[in-house]
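The next block holds one structure in the form of structure tokens; read it before the comments.
The values are calculated or read from the model by the stated rules, or taken from the named source; none is laboratory data. Quick caveat: nothing in here was measured; it's all calculated off a predicted structure. Please note: Cβ atoms are built from the backbone with ideal geometry, for glycine as well, and neighbour counts cover all protein chains shown.
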Amino acid sequence: MHLMELPREVILGENLKDKVSEVAKRLKLNERALILYGKKTKKIAGNEVEKHLKEDFNVSALTIKAPTMQEVERVIRFIEDNSIGWIIGVGGGSIIDVAKLSSFKADIPFISFPTTASHDGIASANASIKDLGAKTSIKAKPPIAVIVDVKVIKTAPYRFLAAGVGDMISNLTAVKDWQLAHKLKGEYYSEYAASLSLMSAKMVIKNADVIRLGNEESVRKVVKGLISSSVAMSIAGSSRPASGAEHLFSHALDMLLEKPALHGEQCGIGTIVMAYLHGLNWKKIRDTLKRVNAPTNAYELGIEPEYIIEALTIAHTIRPDRYTILGKEGLTKEAAEKAAKITGII
């Protein structure tokens, strides 16, 4: 049996902070709701979403400090102690990931209300949680609804939107890794999920000049692509369509650095290198990232070259169960340095 779980509603528009109640009522959600936000996202959208929700629901709120298991456990305890029926996460990836995993473990629905469009976690079933010093992806459930207020996302620094492009363009190498695992290891492969994932990547390449403007249309293009990417993962039943060696490279940087760059930025850099290793047109990927003003080298990423090399050599150890172009042995330091220099990332 192959189970596909997808969001029941995706709402994309402007001035949607007062629409959460309507969505929750349509979905027949419990009257006891819990809103999660961060210090910044509380001011950006959380306060207003909470105010409107309180007109129709019994609402509690928690401010999330970081995407850690400690915070997830704190939320779960609150859910149990207060008989919470559903969660809404208002924030960036970290807030939504905590909401996603908490709701999954407590077996209640959650609504995603993103304040940035920096990666496809806004609608996916996977949560990235910091634990034991590394950021790893944990299987959960997709949101029952995704509400994307274009005006809210446009208020975030443009850097986050460019990072979203980096996360989507990484689908090109993720699918290649998936195909490789299918051929060499007999891993399950969904042609439909792969095609949907690749469509998102090709869409951002085609619309790079529109996206770089940073306006409402830019936000819509990126968000639609991120949601399509999330749906591809739900269809596949895993993160395979959108997470390959380039994501392992990003996770390795998260592990090595106290203050890594944005997830999508790191994945974009990783995609350039992995495309080179796969024999793909890595220059086209690099040029697309340049067009949307996303980082294309270690200097622009704000990371010292030695960390880039080290991350490339240890990336294969992050998820040993996931076969990629890096194989079981990974890259030697010499091979990593050669690939990084040829592609210009160092």
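Taking the conditions (1) of a type in the set (Gly, Ala, Ser); (2) in contact with a Leu (Cβ under 9 Å, 6 or more places away or on another chain); (3) under 21 Å from residue 124 (Cα atoms) in turn, residue 106 satisfies each one other than (2). The condition of being among the basic types (Lys, Arg), crowded, with 22+ Cβ neighbours inside 10 Å and at negative phi holds for only one of 100, 54, 65, that being 100.
Segment 59-138 holds strands (runs of 3 or more DSSP E) entirely within its bounds, and those carrying 2 or more residues that are farther than 16 Å from residue 33 by Cα map to 126-131.
Of the candidates 20, 49, 90, the single residue that is touching a Phe, Trp or Tyr at 6+ places or on another chain (Cβ under 8 Å), of a type outside the set (Ser, Thr, Tyr) and either at pLDDT below 95 or over 30 Å from residue 261 (Cα atoms) (or both) is 20.
The residues of segment 315-346 that are of a type in the set (A, V, I, L, M) and at pLDDT 95 or above, listed by number, are 315, 325, 326, 331, 335, 336, 339, 340, 342, 345, 346. Residues in segment 311-332 that are crowded, with 17+ Cβ neighbours inside 10 Å and assigned to a helix (DSSP H, G or I): 6 in all.
Restricted to segment 64-103, and to residues there that are of a type in the set (S, T, N, Q) and more than 22 Å from residue 119 (Cβ to Cβ), the residue that is nearest to the chain's Cα centre (by Cα) is 70. Within segment 139-160, how many residues turn out to be part of a strand (DSSP E or B) and surrounded by fewer than 19 Cβ atoms within 10 Å (Cβ to Cβ)? Count: 1.
Determine if segment 273-281 includes at least one residue that is closer than 25 Å to residue 181 by Cα, hydrophobic (A, V, I, L, M, F, W, C) and in a loop (DSSP other than H, G, I, E, B).
Yes, that holds for at least one residue.
Among the candidates 230, 197, 239, 234, which residue alone is crowded, with 20+ Cβ neighbours inside 10 Å, at pLDDT 95 or above and under 23 Å from residue 180 (Cα atoms)?
Values: 230 fails: at pLDDT 95 or above; 239 fails: at pLDDT 95 or above; 234 fails: at pLDDT 95 or above.
The match here is 197.
The listed residues are 51, 25, and the only one of them that is assigned to a helix (DSSP H, G or I), more than 14 Å from residue 149 (Cβ to Cβ), of a type outside the set (S, T, N, Q) and touching a residue at least 24 places away in the same chain (Cβ under 8 Å) turns out to be 25. Listed conditions (1) touching a residue at least 40 places away in the same chain (Cβ under 8 Å); (2) out of contact with any Lys or Arg (no Cβ under 9 Å at 6 or more places or on another chain); (3) not acidic (Asp, Glu) are all met by residue 199, apart from (1). Does residue 75 fit the bill of being within 20 Å of residue 150 (Cβ to Cβ) and touching a residue at least 24 places away in the same chain (Cβ under 8 Å)? It is false that residue 75 is within 20 Å of residue 150 (Cβ to Cβ) and touching a residue at least 24 places away in the same chain (Cβ under 8 Å).
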